[in-house]
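Below: one structure, written as structure tokens.
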Amino acid sequence: MFSSHHFVSCSSKTFKLGTFSQLTGFLQKGIHGGGDDSNKNPDPISSNSTTNNNASSKTSSITQDIDKLCKIMSKNQYNSQLSISSNRYNIHLLLDDSGIKVVTPELVEQVLKKLTNAGALALSFFRWAEKQEGFEHTTGIYNALVDSLGKIKQFQLIWDIVYCMKSKGILTNETFGLIMCKYARARRSGDAVDAFEKMERYGLRQELCDLNCLLGTLCKSKNARKAQDVFDEMVKRRKRFVPDVKTYAVLLEGWGEERNLVMLKEVYREMRDEGGVEPDVVVYGIIIGAYCKCGKYNEALELLREIEGNGKCKPSAHVYCTLINGFGSEMRLGEALEIFERAKVVVSPLCVPTYNAVVGSYCWSKRFNDAYQMVEEMKRKGVGPNSRTYDIIIHHLIRVNRTEEAYFLFQRMAGDFGCEPNLNTYAMIVRMLCQEVERIDLAIQVWDQMKDNGVVPGMHMFASLINSLCHECMLDDACRYFQEMLDLGIRPPGRLYDNLKEALLDNGKVDEAISIGEKLDNIRKCPWTG
């Protein structure tokens with residue numbers, strides 16, 4: 001993407017970039033260095049041909065078909081100037097020309113999962129796939145569609161799908177788990193509970209695992225109080241369920257995420273004294289994680305020593321990983337590495353997340369050379385690295401304003417290291433190019449690269465790009481991407497719409513401001529139909 005220029009000028013900042021050979025020279029020098037290298041520019045990771053053995057293997061036919069279909073869909077969004085039927089017709093013509101004449105349930109389900117951030121595209125693809133040879137209506141396919149539509153709050157359409165699944169005899173408790181999750185994330189906790197109550201109406205028996213799912217979705221949506229109220233109602237007052245260790249673990253995790261140690265300790269006491277349930281390694285890990293979040297590392301270490309010594313419950317890799325992450329984020333690198341050494345003795349073999357935690361700990365302390373060397377160790381041991389490993393390093397490089405190195409590592413991920421950037425990777429790079437170095441042109445190039453790879457952008461990516469385009473007074477482009485977001489079925493946050501409208505009005509584009517307002521109103525008022 002870059003030529004051999006030393007500097008690429010920006011609108012208001014200069015994005016410093018050396019030639020490829022200069023960068024590689026710096027980078028390779030760094031990998032053998034040591035200590036604090038916060039002012040150096042080391043090689044993220046040396047290319048090792050033995051690492052890419054998997055890349056040379058043949059991609060399966062189904063994977064190729066999935067990628068082909070996703071690229072068609074991601075590059076050809078809806079046009080809101082056309083009717084829904086016209087949009088579907090146009091996209092279906094492109095899919096017909098893909099050369100894929102037979103679809104399998106696995107292919108359809110995987111494509112829908114890749115379109116999870118684009119409900120409009122997911123629904124259009126589903127309608128096309130229904131008409132193809134080999135298609136079968138399966139629970140997995142419908143659940144993937146429900147997941148995608150739930151993210152854009154198309155709940156009426158979801159209930160139509162539920163009715164259809166029931167009529168076909170493929171409706172399961174898992175489907176209701178997805179619906180509860182989507183309601184909870186939309187901050188509609190009452191509707192999440194109602195969905196749970198409706199299960200019996202659709203011929204499904206409520207099991208304890210379904211209650212655990214409801215409590216978990218409420219807790220993950222930062223509503224531990226509502227989860228606790230549901231638990232008290234269902235378990236204590238109505239006595240409909242007998243809680244197990246997972247039920248209590250879910251509540252403990254919810255209160256831990258909210259840093260409420262008083263309630264966490266109360267639930268733990270109740271679990272043992274009233275419920276007669278003994279904690280397992282998951283519960284201990286949750287409590288240790290809560291202590292770390294609250295900065296109570298002495299209590300966390302004391303609990304670790306207790307479970308290491310009692311012989312009843314062997315600490316898991318996750319427990320050590322939690323502590324490494326905690327100490328690392330506090331820049332207590334020595335203690336993080338000490339926990340890592342203890343983990344090596346107890347857990348064998350160590351998994352990728354544990355190594356990633358160490359990589360992150362080095363990065364928090366700006367010890368990037370050591371982070372890269374840890375990646376090399378992962379390669380030697382055959383444990384990763386994965387895309388998350390590189391995401392961690394890129395995140396911290398951006399944090400300390402080493403933007404050119406972050407960009408270079410991003411560009412090398414897939415080709416040199418065999419790890420395809422994911423949505424989170426693209427989001428970080430686009431946000432960096434928009435906000436840190438103010439290179440909107442490069443942000444758009446990365447955006448196009450992402451779509452070429454069949455990755456569909458999410459709401460936060462659109463917000464970063466559109467806000468930056470507004471800041472640069474590139475309002476035609478801002479309106480185009482805003483329209484693209486609407487065409488994907490993504491409802492923009494109110495602040496994003498306000499920023500765009502204000503920029504349009506400030507620049508005398510009154511008609512455009514009125515137009516986007518009308519389009520947004522139409523989306524809010526008009527429910528989708530299948």
Nonlocal amide H pairs with Arg367, under 5 Å, H built at 1.01 Å:
none
Aspartates and glutamates with Cα under 13 Å of Lys236, excluding same-chain neighbours fewer than 8 positions away
Glu270, Glu274
With only Lys, Arg, Asp and Glu charged, each at its Cβ (+1 for the first two, -1 for the last two), find how big the charge dipole of the stretch 306-347 is about the Cα centre; round to the nearest 20 debye.
180 debye
Would you list which aspartates and glutamates come within 19 Å of Lys101, measuring only between C-alpha atoms, while excluding same-chain residues fewer than 8 positions from it?
Asp65, Asp67, Glu109, Glu130, Glu133, Glu136
Suppose each label sits 7 Å from its Cα in the direction of the beta carbon; what would the His395-Asp506 distance come out to in nanometres?
3.2 nm
May I ask which of Lys226/Lys501; Lys75/Lys519; Lys114/Lys182; Lys151/Lys501 have a Cα-Cα span longer than 28 Å here?
Lys226/Lys501
Links that overshoot a 25 Å alpha carbon limit, given the list Lys220/Lys296; Lys168/Lys198; Lys379/Lys451:
Lys379/Lys451
Using the Karplus curve 6.51 cos²θ - 1.76 cosθ + 1.60 with θ = phi - 60°, what ³J(HN,Hα) values do you get for each residue of the stretch 292-298, in whole Hz, with x for Gly and Pro?
4, 4, 8, x, 9, 6, 4
If you average the C-alpha positions of the stretch 342-369 and of the stretch 235-252 separately, how far apart do those two centres end up, in angstrom?
35 Å
Explain nothing, just compute: Karplus ³J(HN,Hα) = 6.51 cos²θ - 1.76 cosθ + 1.60, θ = phi - 60°, for every residue of the stretch 63-72 in order, whole Hz, x for Gly and Pro.
5, 4, 5, 4, 4, 4, 5, 5, 5, 4
For labels at Val345 and Glu377 in the simple 7 Å Cα→Cβ model, what's the distance in nm?
1.6 nm
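Taken together, the values in this text are just the output of simple stated rules run on the coordinates, not laboratory data. Here the structure is a predicted model, which is why all the values come from computation and not from measurement. Cβ atoms come from the backbone with ideal geometry, glycine included; neighbour counts cover every protein chain shown.
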